[in-house]
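Where a number appears in this text, it was derived from the coordinates with a stated rule and is not lab data. Everything numeric here is computed off the predicted structure, so don't read it as measured data. Virtual Cβ from ideal backbone geometry, glycine too; neighbours counted across all protein chains shown.
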Amino acid sequence: MKNGFTTTILHSDLEAPIEHDSVHKPMHIAVAYGYEDARELARVFKGEAAGYAYGRQGNPTTAALESKVTKMEQGVASACFSTGMGAIASMFIALLKKGDHVVSTSFLFGNTNSLFGTLNNLGCDISFVDATDAANVERALTPATRMVFVETIANPRTQVADLARIGELCARRGLLYVVDNTMTSPYLYLPKRDQASLVVNSLTKYIGGHGNALGGAVTDTGLYDWTKYPNIYDNYKNAKKEMWGIQQIRKKGLRDVGATLAAEPAHRIAVGAETLALRMERACVNALALANFFESHPKVTRVYYPGLENHPEHARAKRWFKHYGALMSIELAQGNEGIDCFEFLNRLQLVISSSHLGDNRTLAIPIAQTIFWEMGAARRAEMGIAESLIRLSIGIEDTDDLIGDFKQALDAK
Ligand SMILES: *Cc1c(COP(=O)(O)O)cnc(C)c1O
């Protein structure tokens with residue numbers, strides 16, 4: 001990236017001429033693309049010529065977004081999908097075979113955890129370890145390990161994975177290292193700097209930001225040597241070596257799973273992405289101010305936020321991330337002097353009770369009673385999820401308004 005983060009995104013579309021001198025890439029909603037010369041159609045199919053054939057395999061509007069995501073992550077290429085889960089599932093389906101082993105983190109996004117359960121039933125073997133220490137990842141490796149998959153900041157307890165040392169470990173062992181960068185976004189953290197091979201983003205969260213479109217992306221950083229990966233099909237070895245992986249993820253992923261990102265949501269996400277840096281700056285300032293406010297409030301017994309000095313991984317978060325993110329969790333005081341989590345949530349006037357995160361609006365959800373309900377109290381206790389834990393996704397409202405809203409809800413008698 002020659003220019004700064006925001007300049008680069010804003011001017012990305014204009015790198016190639018756009019019809020009618022439009023300054024935005026238009027929405028191409030066609031499903032089919034016609035060719036005057038049928039030989040050209042055949043060349044597009046074979047990958048010998050650039051072009052589009054059928055909408056499931058991509059469209060120009062989504063391609064413009066892919067180019068922006070690639071620039072944000074400083075990668076070589078990206079493939080977009082209809083959701084973050086669509087991206088993750090398509091990547092696994094494209095790259096894993098029966099008998100393969102994956103090492104991942106115990107503090108994993110619930111739906112990815114569920115997907116690993118499905119992969120396990122299909123014949124893959126998954127180990128979950130405490131990835132805040134790379135030594136745990138190393139101990140779990142087997143000769144069948146194909147991939148290490150981690151997240152940057154865990155949801156809801158905000159553990160920060162040992163990203164740099166896991167990157168070194170994977171580089172040393174020639175292993176594919178996949179980082180889900182959703183919680184930090186490429187503005188706060190570049191997994192490539194820590195030698196990630198592939199980066200996953202749910203575009204639904206901070207990159208889109210406005211909470212009005214679903215999307216996901218996989219970006220190849222160009223660092224992994226795909227000639228060492230045993231599961232690349234011969235069909236995908238015609239391209240440059242650095243493109244083998246992303247080509248297989250795109251072609252097989254979109255073909256087999258079909259989680260294609262349509263032009264309309266791609267356009268909305270691209271517009272949102274223009275202000276990613278501005279929104280992140282504001283949301284992170286709000287989050288740090290709120291974390292400090294909660295720390296000093298008697299009705300809040302614990303605050304989980306990497307920006308606080310008492311957070312176990314504060315030092316590495318400070319070193320690696322531009323800011324500490326906009327996700328935090330709090331535990332409310334229980335008992336006589338305590339506060340009921342539903343009463344607290346219902347008293348909030350601005351903050352919305354919602355399961356989403358990464359929105360411009362501040363959202364709150366009680367974890368034990370919703371997202372982690374199905375697993376039962378025993379498993380929750382094992383994972384350190386208190387019954388009074390509330391996850392907060394901090395938005396871009398004016399700081400004083402947010403503090404005021406939380407204060408009245410905590411102080412109400
Ligand atoms: C939300 C999320 C996803 C899935 O994204 P969707 O767009 O909701 O499918 C994946 N990983 C993380 C860390 C997330 O927060």
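Work out the charge dipole of region 267-413 with +1 on the Cβ of Lys and Arg and -1 on the Cβ of Asp and Glu about the Cα centre, then indicate which of Leu410, Ala273, Asn360 is farthest towards its positive end. Working it through, the farthest residue towards the positive pole turns out to be Ala273. Its residues counted as N, the chain yields a C-alpha radius of gyration over 2.2 N^0.38 Å of 1.01. Multiplying the residue separation of Arg255 and Lys237 by 0.36 nm and subtracting their alpha-carbon distance yields 4.7 nm. The dipole here belongs to the chain: it is taken about the Cα centre, uses +1 on the Cβ of Lys and Arg and -1 on the Cβ of Asp and Glu, and is about 1080 debye. Take each peptide in 75-88, 256-269, 158-171, 369-382, count the other Cβ atoms within 10 Å of every residue, and average; sorted highest first, the result is 75-88, 158-171, 256-269, 369-382. Dipole orientation for the chain: of the candidates Ile246, Thr61, Asn3, Ile246 has the Cα lying most toward the positive pole (charges on Cβ; Lys, Arg +1; Asp, Glu -1). Using a Gaussian network model of the chain in which every pair of alpha carbons under 10 angstrom is joined by a spring, one finds that among Leu392, Leu290, Leu198 the greatest mean-square fluctuation is at Leu290. Apply the a/c threshold of 1.5 to the C-alpha gyration tensor of region 97-226 and tell me whether it is rounded, prolate or oblate. Here region 97-226 falls in the prolate category.
Taking a threshold of 19 Å on the Cα-Cα distance, which of the pairs Lys25/Lys71; Lys2/Lys251; Lys46/Lys252 fall above it? Lys2/Lys251, as the Cα separations exceed 19 Å there. For region 1-106, the set of GluC sites (Glu not before Pro) satisfying both a DSSP loop assignment and a count of at most 16 other C-beta atoms within 10 Å is given as Glu36, Glu48.
Straight-line cross-link reach from Lys413 at under 29 Å between alpha-carbon atoms covers these lysines, not counting any fewer than eight positions away in the same chain: Lys299. The sum of -39500 (n - 2.57) across all DSSP H runs of n ≥ 4, divided by the residue count of the chain, sets its helix-only mean residue ellipticity at 222 nm to -10500 deg cm²/dmol. Note on region 225-350: dipole from Cβ charges, positive end direction compared against Ile339, Thr260, Ala283; the farthest Cα belongs to Thr260. In this calculation the C-beta distance from Asp411 to Ala381 is compared with R0 = 25 Å, giving a FRET efficiency of 0.25. Prolate is the label for region 178-313. Its Cα gyration tensor axes, ordered a ≥ b ≥ c, give a/c of at least 1.5 and a/b above b/c. Considering only Asn360, Asn310, Asn113, the Gaussian network model of the chain with Cα springs below 10 Å gives its largest mean-square fluctuation to Asn310. Please work out whether region 290-369 counts as rounded, prolate or oblate from its C-alpha gyration tensor, where a ≥ b ≥ c are the square roots of the eigenvalues and a/c under 1.5 means rounded, while otherwise a/b larger than b/c means prolate and anything else oblate? Here region 290-369 falls in the oblate category. A simple charge model with +1 on the Cβ of Lys and Arg, -1 on the Cβ of Asp and Glu and nothing else charged puts the dipole of region 234-345 at about 920 debye relative to its Cα centre.
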